[in-house]
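The values are calculated or read from the model by the stated rules, or taken from the named source; none is laboratory data. None of these values were measured; they are calculated from a predicted model. Every residue, glycine as well, gets a Cβ built from its backbone with ideal geometry; the counts of neighbours run over all protein chains shown.
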C-alpha cells in the first residue's frame, strides 16, 4: 500500500529493546511520535539517540517490541512497502564518485519501481518537485562533489522528498555544517512540516537549535527517555542537569520566544 504524505495517522515504538548483538542499549522504551510536526531527539553521546532512530527507521530490528506506522508493524511489511512510508538520512551519507545531483535524487524513486515498471512521468515530476523544494533546480546537472556541505545536505534531503515518504528520519543533519548552513537545512525541514505535511524525526546535538525548530523534544539518557513534550515544558534547569550533567540558566530567546539554554561556566 502506497502511503500519501497526508495519510499518516500514527507512528510509534512500543516496548523497544535494542542492541547490536551485545549489551542492551535501549530497554523497554515506548514512544509516540506526533505526526506532521518536527520531533528532535536530544541527549549526551552514547545515550541511544541514533539507536532509537535506526529502530524507528526499520534499520535495526528490535530484540523485543515493535515499531508501527498506522498501527501496522513495519517488520511485517516488505522493504519496499516500508520505504514508501519511512525515509532515513543517516550520519555522514556518502554518494558514488562523480554522481550528479539529479542522478542521486532519482534513486529516491526506487521504492516506487518494479520489475516491469519503467521510469515514468510521475517519477520525473517527483524529482523535479524535490529539486524545486530544496532550491536545487539550477544544480541538477552538477556533480555532488563540487557542492558545498549545505548544498550536499539539501541533495540528500531532496532524495528523501523524491521518495515521497510521509515520515522523514534524519540523524544529525547539521553535523559538520557551519551555522549558516545549519540554519538553511533546518529552515527547509520546518517548511516541509508546515507546508508539505511531513513528519520529521531528527537527532540533534545543539539544544538551542533543537528547541527553536522542533515542535516536540525527546530527552534521552542511558537508553531511556527522561522526558518528552513541547520544548517549553521539557527544557528546564533540572532537565538539563539530569540529562547532560551541566548547570544552566534558561532564558527566553529574544527572536523565537523559545527557551534558551546558557551554560554556567565554573570558576577556575
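Applying the condition of being at pLDDT 90 or above and assigned to a loop (DSSP other than H, G, I, E, B) to the range 162-172 and asking which residue is nearest to the chain's Cα centre (by Cα) yields 172. Listed by position, the helices (runs of 4 or more DSSP H) enclosed by the range 46-133 that each have at least 3 residues that are crowded, with 18+ Cβ neighbours inside 10 Å, touching a residue at least 24 places away in the same chain (Cβ under 8 Å) and on the phi < 0 side of the Ramachandran plot are 49-56, 101-106, 121-133.
Counting only strands (runs of 3 or more DSSP E) that fall entirely inside the range 198-268 and contain at least 3 residues that are farther than 22 Å from residue 14 by Cβ and in contact (Cβ under 8 Å) with a residue 40 or more places away in the chain, the qualifying elements are 259-263. For the range 13-32, the condition holds for no residue, the condition being that it is in a helix (DSSP H, G or I), surrounded by fewer than 13 Cβ atoms within 10 Å (Cβ to Cβ) and either modelled with pLDDT of 95 or more or out of contact with any strand residue (DSSP E or B) (no Cβ under 8 Å at 6 or more places or on another chain) (or both).
In the range 137-161, the qualifying residues are those that are part of a helix (DSSP H, G or I) and in contact with a strand residue (DSSP E or B) (Cβ under 6 Å, 6 or more places away or on another chain), and the one that is surrounded by the fewest Cβ atoms within 10 Å (Cβ to Cβ) is 156.
Within the range 33-45, the set of residues being surrounded by fewer than 20 Cβ atoms within 10 Å (Cβ to Cβ), touching a residue at least 40 places away in the same chain (Cβ under 8 Å) and either touching a helix residue (DSSP H, G or I) at 6+ places or on another chain (Cβ under 7 Å) or closer than 15 Å to residue 206 by Cα (or both) comprises 36, 37, 44. For residue 176, the conditions (1) free of Cβ contacts under 8 Å to residues at least 24 places away in the same chain; (2) more than 27 Å from residue 10 (Cα to Cα) all hold with the exception of (1).
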